[in-house]
Amino acid sequence: MAQPLALPADPRPEEPLAAAPAPPGSGWSPALRIAFRFVFSYLVLFNLPYALGYVPWIGGVEEAYSGLWQTFALWLGRHVFHLRRMPVDPDLGGDTTVYWLRLLAIIAVAIAAGLAWTLLDRRRTEYRRLHEALRLPARYILGFTMFNYGMIKVIQSQFIVLHFPKLQETYGELSPMGLLWTFMSYSATYNVFTGAAEAVGAILLFFRRTTLLGALILVAVLTHVVLINFSYDVIVKIYSLNLLLLALFLLAPDLPRLADLLVRHRPTQPRQVPPWRFDSGWAKAGRLTVKALFIGYFLFTLTRDRLEMKRGIDQRRAEQWEVFALTYKVDEFVRNGRPVPPSPADPSRWQRLYFRHGTLSVRVGEGDLLAFPAEYSAGRTTVTVWSPGRKTRLGVLTCSRPDASHLVLTGKLGNDSLAIRAHKLDLHFSLRDRGFHWINEAPVDR
Amino acid sequence: MAEPIRAPEPWQDRRQPARRLGFRFLFSYLLLYGFELALAGLPGTGWLQALWLGIWKVAVSWVGRHVLHLGGGGQEIATVATGSGDRTFDYVQVLSMLALAALAALAWTALDRRRREERDRRLYEGLRIFVRYTLALTLLAYGMSNVFKVQFPFPAAERLQERIGDSSPLALFKVFMGYSATYTFSIGASELLAGLLLLFRRTTTLGALVTLGILVNEVALAFCYDVPVKLLSSHLLLMTLFLLAPEARRLVDGIVLDRPTLPEAVAPPFSGCYRTGRLALKALVVGSALLATTERNLELAKELRRRPPLADPSKYLLVTHGIHVIEDSPINR
């Protein structure tokens, strides 16, 4: 880590080539100045709550700031757009009407701020220092955010839906977002690949010399993410667009150089990286120590939190497979002392039992699935069953296992006393069982 | 560090015998592997493709039987086309091509001991042109089939009624890709863009970088979702890296190491000779390939449109939910 942390000590070469970039100190064009004032205002206004989120003990400030924008957004919706229904539940994700209104409000305020700034500040001809100052938080906010997203995928705790109940459902039952989650949940390797691209791009942002490479990687990755979010109805469209905007902001100053390098075929100069204020002796050592501690602390806590989350997920899933991923075929169904034979026409004759977390699902008649909310006692000796919707408690079934593959349930549900004997079915899911194949004599897409 | 370092021209670097041998191997291998791919996009070359395939069927069967001793009990390597690019046949063919290229490189080096720089340069430049066009035409063909939504059509009713656990990883991939017209169109458009950039010398490096971004993802998908294009996508990636290799130093200098760089040489390598003829040939090759692939994809798209519509679309949440830019009641299930 010491090597990339060190900033270039040697002086910048003195223009060895013919192409002369604008000498430092010369002014920006008026259009660039106006654009910068707007972009500066917008980025600060939009990203402030996310930046505050990384500062401990000031949660109240962040809440107050976000509350202010929500009030403004609701006002805008009510009085300008005459909207009546604007749900504000945070569980609804990041693309609700209120969030779009909030974005509009931030853009409007940023335009106003840019205009006011232009009117009041007529002497300044450039904003190099301010630009450099804004790049610093932009790099760190985007870096921490993308590192976090990368680690969720590398440690596989974001896309985790492809387990027992989901495998039983049909494609048509999925929502578009559910399809994306199912797709991503299938391949651990693909998650590591996409997550690593995000995490590596993020880490490169922590050093000024590698920021350009990091920004290039993240622009590619985030363009793909934004495209997916708009194509599969994912509810972080606004936020992902803003992350892409941050990456483009970091890339922007290097675009002319990149164009020279790749398209215009001109010689290029190194970029002008102004020296830091604390750039010699102890001051530099102190700055680098603070930086290492700061980055190290966040990368450590973010990774630790992800690992902890993953442990919880693994544990829950193991339980689910052990207990609830069990499918039983009903061999004998005795109701009120009378055996009931299996019949497609009888919707009350249970045919299959699926034990899931919090649910006892029963397949009846011609394949209809009834899902009863259920609670399992410790050691799974009894199941308490509720009516759908958890309205009334139907009763308690006692479980016994004569041998490893058989299950006997007895008890009273509603007005019927039941005695059920069932045997365990081995679950085979070709999606889970297929595995990796170097050779495919024919495409396997059944 | 102050002076930009001019990378040695690739053909000059081949003074050492090992590098020379390496180049000759690469030359032979890329030509052998790319031949079929380059022809695939060109109309009117059907007979040549059939001939080439016929030769390889005989050769692969022979190698399978006598060299690799595959399929005991008189069982031959299946040569029938199944739509998979990762059959035993394809692996044996790649292996045979590698061996053939190695033999060719050895024989070439044994027979041809004089150093002729101009000829080496021309061979290298010729190979670059071949790889650029092969890669570009392949990307254009894939791009077209995605833009016209032919490669991954919307999943059929049988698929929507199928249990997720009962499908295969490739089927899951196809449902995912097939669902979104926006997504496949954008992927196709980026493939078209990359292919077009590769067609011109001045935009080749940019095109190769765009191609790299696309192909790294496609190789990962091929390996993770059992998509039977593992060999093809890996070879396309290899070709992209071949195109980028001479620029690698400039790119690293300019993007990472913060050094000054000199422009790459983008002048035509065969200056002066038959400029009009070359341009006409280029227009003919690219034009006819684009025309052929557009026509084929339009035909396929028309066929897909004849597919009966979903009988009861309201049954499927995946169909009814749709895409909401403003989303006040999200469903992730």
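Each value in this text was obtained by applying a stated rule to the coordinates, not by laboratory testing. Predicted, not measured: the structure shown is a model, and the values here were computed from it. Methodologically, a virtual Cβ is constructed for each residue, glycine included, from the backbone with ideal geometry; neighbour enumeration extends over all protein chains shown.
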Taking the range A:268-304 and keeping residues surrounded by 16 or more Cβ atoms within 10 Å (Cβ to Cβ) and either of a type in the set (G, A, S) or touching a residue at least 60 places away in the same chain (Cβ under 8 Å) (or both) leaves A:T268, A:Q269, A:P270, A:L288, A:I295, A:F298, A:L299, A:L302, A:T303
Among B:A171, B:A222, B:A157, which is the only one that is surrounded by fewer than 19 Cβ atoms within 10 Å (Cβ to Cβ), more than 30 Å from B:E125 (Cβ to Cβ) and of a type outside the set (D, E)? B:A157
Can you confirm whether the range B:131-148 contains a residue that is surrounded by fewer than 16 Cβ atoms within 10 Å (Cβ to Cβ) and without any contact (Cβ under 8 Å) to a residue 60 or more places away in the chain? no
Identify, from the list A:L248, A:L180, the residue that is within 12 Å of chain B (Cβ to nearest Cβ), assigned to a helix (DSSP H, G or I) and either out of contact with any Leu (no Cβ under 8 Å at 6 or more places or on another chain) or of a type in the set (K, R) (or both). A:L180
Need the failing condition index for B:A292 against (1) touching a helix residue (DSSP H, G or I) at 6+ places or on another chain (Cβ under 7 Å); (2) more than 14 Å from every other protein chain (Cβ to nearest Cβ), just the number. (1)
Between B:E247, B:E327, B:E299, which is farther than 30 Å from A:I439 by Cβ and away from chain A (no Cβ under 14 Å)? B:E299
Is it true that some residue in the range A:100-119 is of a type in the set (V, I, T) and without any contact (Cβ under 8 Å) to a residue 40 or more places away in the chain? no
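Residue by residue, here is whether (1) within 20 Å of the chain's Cα centre (by Cα); (2) small (G, A, S); (3) more than 7 Å from chain A (Cβ to nearest Cβ) holds:
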{"site": "B:A156", "(1), (2), (3)": "no, yes, yes"}
{"site": "B:R159", "(1), (2), (3)": "no, no, no"}
{"site": "B:R163", "(1), (2), (3)": "no, no, no"}
{"site": "B:D166", "(1), (2), (3)": "no, no, no"}
{"site": "B:G195", "(1), (2), (3)": "yes, yes, yes"}
{"site": "B:R201", "(1), (2), (3)": "yes, no, yes"}
Regarding B:L206, is this residue touching a Gly at 6+ places or on another chain (Cβ under 7 Å), within 12 Å of another protein chain (Cβ to nearest Cβ) and part of a helix (DSSP H, G or I)? no
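Here's the yes/no breakdown for (1) farther than 13 Å from A:G172 by Cα; (2) assigned to a helix (DSSP H, G or I); (3) touching a helix residue (DSSP H, G or I) at 6+ places or on another chain (Cβ under 7 Å):
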{"site": "B:K149", "(1), (2), (3)": "yes, no, yes"}
{"site": "B:E158", "(1), (2), (3)": "no, yes, no"}
{"site": "B:T182", "(1), (2), (3)": "yes, yes, yes"}
{"site": "B:G188", "(1), (2), (3)": "yes, yes, yes"}
Does the range A:95-106 contain any residue that is more than 14 Å from chain B (Cβ to nearest Cβ) and part of a helix (DSSP H, G or I)? yes
Can you name the residue in the range A:262-282 that is within 24 Å of A:G143 (Cβ to Cβ) and not basic (K, R) and, of all such residues, is nearest to the other protein chains (Cβ to nearest Cβ)? A:P270
In the range A:74-87, how many are within 26 Å of A:V226 (Cα to Cα) and within 10 Å of another protein chain (Cβ to nearest Cβ)? 2
Please go through the range B:250-284 and pick out each residue that is within 17 Å of B:R202 (Cβ to Cβ), of a type in the set (K, R) and either outside any helix (DSSP H, G or I) or more than 8 Å from chain A (Cβ to nearest Cβ) (or both). B:R275, B:R278, B:K282
For the range A:121-179, what are the residues that are under 30 Å from A:P30 (Cβ atoms) and crowded, with 20+ Cβ neighbours inside 10 Å? A:A138, A:R139, A:I141, A:L142
